[in-house]
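**Student:** Shown below is the structure under consideration.
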Amino acid sequence: MDDAGVDGRRSVGRDDGIASGDDAVDPPAAFRDRAVANDVGVYEAFETEGPDAWRRAADLLDWVSDYDRVLDDGDPPFYEWFTGGTLNAAANCVDRHLDERRNQLAIRWFGKRGERRSYTYLDLHREVNALAAGLRDLGVEEDDVVTLYLPMVPELPIAMLACARIGAPHNVVFAGLSAEALATRIDAADSEYLITCDGYYRREDAFNQKSKADNARLRIDGDLDATVVVDRLGDALDVTLGGDEHGYEAIVDAHDGATVEPVARNATDLLFVMYTSGTTGRPKGVEHATGGYLAHVAWTTRNVLDVRPDDTYWCAADIGWITGHSYGVYGPLATGTTTVLYEGSPDYPDRDRVWDLIERNAVSIFYTSPTAIRSFMKWGAEYPDSHDLSSLRLLGTVGESITPKAWRWYREHVGGGDAPIVDTWWQTETGAIALATLPGVSPMKPGKVGPPLPGIDARVVDEDGEPVDPGEPGFLTIASPWPGMLRGLREGDERYRREYWLEAEDGWRYRTGDGATVDEDGYVTILGRVDDVINVRAHRFNTGKLESVIVGADGVTEAAVVGDDGGKIVAYVTTRSGIEPDAALRETIGERLAASVGDVARPDRIVFTPELPKTRSGKIMRRLLEDIARGDEFGDISALRNPEVVGEIESAVRNG
Ligand code: WTA
């Protein structure tokens, strides 16, 4: 056990030594002894067996018919996993648990107004079947894409599972995105069905979601065949339904008790599409296949997050993003555990809401983001400290790098001082966790995500594709396929190949778009994106898209958008001469972003500056703007055409 991590390291190009050094923190022995994965042999198995070792992941699922091949890599980079096999994702998340745990809680939901609802696996089975039958009645057939535009209500996972049951891929659009963003995603996915709601609460106020959906409908190219509307707000908001609009509750009531045979899907058939920001302004529709995705998600839920059926597990991410798909819905339900679903905000009604929910539910595993942890730190340790959090035995983080300081705070004040923390690196495209320490196997290193998981051939390379030396920055790439990987892009094969793949002499390389370093022990540190994408508020934004929206405002000439290290969006904006930047212009910029992308895209800060710093070739020096936003030291600016502007920008930032 002590030399854990030895083999995880090989994949990043090192093959000696053990995870060590001052920065390594061992998992507590009591945790390790019970951990699902507590044997370094798992790395060896993957090394000796190659891709076939991923059988272990497929074995966690129920197959209707067994697969012939683990990996078909005959036509790279179009890889297919578990070919020949058929299965149904909803049956794996619901039906197969009925024998053993039909009365166990599957979902415990907490609404924004303090409402609670609980679903046993039997309840879940009943409602998923009823909705599946209802969707069929509305005309939804296998392979029809259904768009879901819902906040964090139980109807969202239920709708995902109902779609999966009938083989209709879902296309979840984060509820906070704008009508315009929804319309783009409906069109791009060729979706003719929509499930949305009347509205939801934002703090005290009832917010009308249906009117956003209506606006989207006016903008789409085609038309929707049917819309299903969940009544989230009851009397607080009345919406009138048109002829092709149906109340969710009425559908479920009318089909209560119906059973719909789960459709046997090929492992390679589409389970869902999820739009994400790419390196161009247009979102990319990432496609996930049923078998590989579910297998990888189930395997990591058990082996990385150490989730078991008797856990109460809470992934705080919104289901509108990939983390909520993989680790809020599919992973925990495929594992047969109890999962907490929370609609509200972490500071409402008070700043201890998260800790209150953990205590109330005796949550044993909690998975959140560094952005959230930073807020918790800012609010103060007295909030977690005033709750009994002793039920927690593992903590997770995802979405961006966590500083060693935040890591320690999280462990101290939330993890009782000794809970393991798994820092998990992955992407919408990887489908599931790809880099992380296995908490029962290897020591953790605060601030580093850890070695690649067994079976993930991640490498940090230079521009020529050669592995970099320890500590040297490079590009994070993955040199062989993995089961959770996207099967393609909605935009077609060519775009998929161009966006992600490079052909090297010895095979194809998946480009993650992240910069990274790797240490002597093979632990990877993520440096952030190397393209024009920023990660803030658990969302990937394309900076070019945000900038073009800002530049569309009257009087604005140029804009550069960066993320600061507090997870905030900072926009640097220049105006036409004669135009005085004022509060009204700030407001306009915020409104424009909210309308075209969604409220999540409103900048936290808008810094007006006479000029943007540019290189002699006219490129905006984004790194510098990032450093200024973060209050970091910045290096050499001699390459700038207009170095004099730097001082002005700094003082503009400092003075608000
Ligand atoms: C970043 C979220 C540092 C990274 C699951 C990646 C991270 C992007 C980590 C994907 C981590 C994710 N440490 N950075 N542990 N996890 N990232 O598609 O830049 O929303 O490329 O998927 O988030 O974001 P996405």
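**Student:** Taking into account only those residues within the range 32-62 that are of a type in the set (K, R) and surrounded by fewer than 16 Cβ atoms within 10 Å (Cβ to Cβ), which is farthest from V304 (Cα to Cα)? First the steps, then the outcome.
**Tutor:** Taking the range 32-62 as the starting set, the residues that turn out to be of a type in the set (K, R) are 32, 34, 55-56.
Retained after the next criterion (residues that are surrounded by fewer than 16 Cβ atoms within 10 Å (Cβ to Cβ)): 34, 55.
Working: R34: 13, R55: 17 Å.
Among those residues, the one meeting the criterion is R55.
**Student:** Answer yes or no as to whether L271 is outside any loop (DSSP other than H, G, I, E, B), in contact with a Pro (Cβ under 9 Å, 6 or more places away or on another chain) and away from the ligand (no atom under 16 Å from the Cβ).
**Tutor:** yes
**Student:** While we're on this one: What number of residues within the range 251-304 satisfy the criterion of being polar (S, T, N, Q) and at pLDDT 95 or above? Break it down stepwise before answering.
**Tutor:** If we filter the range 251-304 for residues that are polar (S, T, N, Q), which is where we start, we get 259, 266, 268, 276-277, 279-280, 290, 300-301, 303.
The next check asks that each one be at pLDDT 95 or above; those that pass are 259, 266, 268, 290, 300-301, 303.
Matching residues across the range 251-304 total 7.
**Student:** Could I ask something else about it? Out of G631, G567, G635, which single residue is under 30 Å from Y275 (Cα atoms) and either modelled with pLDDT under 85 or open to solvent by 30 Å² or more (accessible area, probe 1.4 Å) (or both)?
**Tutor:** Details: G631 fails: under 30 Å from Y275 (Cα atoms); G635 fails: under 30 Å from Y275 (Cα atoms).
G567 is the lone residue from the list that is under 30 Å from Y275 (Cα atoms) and either modelled with pLDDT under 85 or open to solvent by 30 Å² or more (accessible area, probe 1.4 Å) (or both).
**Student:** Next question. Filter the range 519-544 for residues that are within 8 Å of the ligand (Cβ to nearest atom), part of a strand (DSSP E or B) and of a type in the set (A, V, I, L, M) and give the result.
**Tutor:** We begin by selecting, within the range 519-544, every residue within 8 Å of the ligand (Cβ to nearest atom); these are 526, 528-529, 533, 535, 538-540.
Then drop every residue that is not part of a strand (DSSP E or B), which leaves 526, 528-529, 533, 535, 539-540.
If the condition is that a residue be within 8 Å of the ligand (Cβ to nearest atom), part of a strand (DSSP E or B) and of a type in the set (A, V, I, L, M), then I526, V533 are the ones that fit.
**Student:** Among G492, G522, which is over 17 Å from the mean Cα position of the chain (by Cα) and surrounded by fewer than 23 Cβ atoms within 10 Å (Cβ to Cβ)?
**Tutor:** Numbers: G522 fails: surrounded by fewer than 23 Cβ atoms within 10 Å (Cβ to Cβ).
Matching residue, one of G492, G522: G492.
**Student:** Cβ-Cβ under 8 Å, sequence separation 6+ or interchain: first residue in the range 523-544 and at positive phi, partner more than 9 Å from the ligand (Cβ to nearest atom) and open to solvent by 10 Å² or more (accessible area, probe 1.4 Å). Which pairs?
**Tutor:** The qualifying pairs are R537/T371; R537/V600; A538/D318; A538/T371.
**Student:** Residue check, L438 against (1) open to solvent by 20 Å² or more (accessible area, probe 1.4 Å); (2) more than 18 Å from the chain's Cα centre (by Cα); (3) closer than 26 Å to D52 by Cα, all met but one. Which one?
**Tutor:** With (1) open to solvent by 20 Å² or more (accessible area, probe 1.4 Å); (2) more than 18 Å from the chain's Cα centre (by Cα); (3) closer than 26 Å to D52 by Cα applied to L438, the lone miss is (1).
**Student:** Here's another thing I want to ask about it. Report the residue count in the range 430-482 for those that are within 16 Å of the ligand (Cβ to nearest atom) and in a loop (DSSP other than H, G, I, E, B).
**Tutor:** The qualifying residues number 20.
**Student:** Scan the range 50-70 for residues that are outside any loop (DSSP other than H, G, I, E, B), farther than 15 Å from W299 by Cβ and either touching an Asp or Glu at 6+ places or on another chain (Cβ under 8 Å) or among the charged types (D, E, K, R) (or both) and report the count.
**Tutor:** Of the residues in the range 50-70, the ones outside any loop (DSSP other than H, G, I, E, B) are 50-58, 65, 69-70.
Next, from what is left, pick out any that are farther than 15 Å from W299 by Cβ: 50, 65, 69.
Filter again for either touching an Asp or Glu at 6+ places or on another chain (Cβ under 8 Å) or among the charged types (D, E, K, R) (or both), leaving 69.
Residues flagged as outside any loop (DSSP other than H, G, I, E, B), farther than 15 Å from W299 by Cβ and either touching an Asp or Glu at 6+ places or on another chain (Cβ under 8 Å) or among the charged types (D, E, K, R) (or both) within the range 50-70 amount to 1.
Listed here are the residues, each with its yes/no results for (1) farther than 26 Å from R308 by Cα; (2) hydroxyl-bearing (S, T, Y); (3) at pLDDT below 95.
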position	(1), (2), (3)
G5	no, no, yes
A19	yes, no, yes
A30	no, no, yes
V64	no, no, no
D73	yes, no, no
T83	yes, yes, no
C93	no, no, no
L105	no, no, no
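**Student:** Residue check, D187 against (1) farther than 28 Å from R540 by Cα; (2) open to solvent by 10 Å² or more (accessible area, probe 1.4 Å), all met but one. Which one?
**Tutor:** (1)
**Student:** Does any residue of the range 206-217 turn out to be closer than 21 Å to H539 by Cα, part of a loop (DSSP other than H, G, I, E, B) and either open to solvent by 10 Å² or more (accessible area, probe 1.4 Å) or modelled with pLDDT of 95 or more (or both)?
**Tutor:** No; the residues of the range 206-217 include none that is closer than 21 Å to H539 by Cα, part of a loop (DSSP other than H, G, I, E, B) and either open to solvent by 10 Å² or more (accessible area, probe 1.4 Å) or modelled with pLDDT of 95 or more (or both).
**Student:** Say whether the condition of being under 19 Å from I166 (Cβ atoms) and not basic (K, R) is met by at least one residue in the range 295-318.
**Tutor:** Taking the range 295-318 and keeping what is under 19 Å from I166 (Cβ atoms), we get none.
No, because not a single residue in the range 295-318 is under 19 Å from I166 (Cβ atoms) and not basic (K, R).
**Student:** Go through the range 378-407 and give me each residue that's more than 16 Å from the ligand (Cβ to nearest atom) and either part of a loop (DSSP other than H, G, I, E, B) or surrounded by 17 or more Cβ atoms within 10 Å (Cβ to Cβ) (or both). Steps first, answer last, please.
**Tutor:** Narrowing the range 378-407 to residues more than 16 Å from the ligand (Cβ to nearest atom): 378-393.
Once the filter is applied, which keeps residues that are more than 16 Å from the ligand (Cβ to nearest atom) and either part of a loop (DSSP other than H, G, I, E, B) or surrounded by 17 or more Cβ atoms within 10 Å (Cβ to Cβ) (or both), the range 378-407 yields G380, A381, Y383, P384, S386, H387, D388, L389, S390, S391, L392, R393.
**Student:** Name the single residue, out of those in the range 495-513 being at pLDDT below 95 and within 16 Å of the ligand (Cβ to nearest atom), that is surrounded by the most Cβ atoms within 10 Å (Cβ to Cβ).
**Tutor:** G513
**Student:** Keeping to the range 418-429, report how many residues are of a type in the set (D, E, K, R) and either more than 16 Å from M274 (Cβ to Cβ) or within 6 Å of the ligand (Cβ to nearest atom) (or both). Explain how you work it out, then say what you get.
**Tutor:** Let us first name the residues in the range 418-429 that are of a type in the set (D, E, K, R), namely 418, 423, 429.
If we keep only those that are either more than 16 Å from M274 (Cβ to Cβ) or within 6 Å of the ligand (Cβ to nearest atom) (or both) too, we end up with 418, 423.
Final tally of qualifying residues: 2.
**Student:** Filter the range 68-112 down to the residues that are of a type in the set (G, A, S) and open to solvent by less than 30 Å² (accessible area, probe 1.4 Å), then identify the one that is farthest from V340 (Cα to Cα).
**Tutor:** First pass over the range 68-112, keeping only residues of a type in the set (G, A, S): 74, 84-85, 89-91, 106, 111.
This time we only want the ones that are open to solvent by less than 30 Å² (accessible area, probe 1.4 Å), so: 85, 89-91, 106, 111.
Details: G85: 32, A89: 20, A90: 18, A91: 20, A106: 8, G111: 11 Å.
Residue satisfying both the conditions and the ranking: G85.
**Student:** Also: Could you give every pair whose Cβ atoms fall below 6 Å, whose first residue belongs to the range 614-626 and is closer than 10 Å to A560 by Cα, and whose second residue is in a loop (DSSP other than H, G, I, E, B), counting only separations of at least 6 or pairs across chains?
**Tutor:** Between residues of the range 614-626 that are closer than 10 Å to A560 by Cα and residues that are in a loop (DSSP other than H, G, I, E, B), the close pairs are I620/L612; M621/P613.
The values are calculated or read from the model by the stated rules, or taken from the named source; none is laboratory data. Source: prediction; values computed, not measured. All Cβ positions, even for glycine, are placed from backbone atoms using ideal geometry, and neighbour counts span all protein chains on display. Ligands, DNA and RNA are stripped out before the accessible areas are found, and what is left, the full protein with its side chains, is counted by its heavy atoms. Shrake-Rupley method; radii C 1.70, N 1.55, O 1.52, S 1.80 Å.
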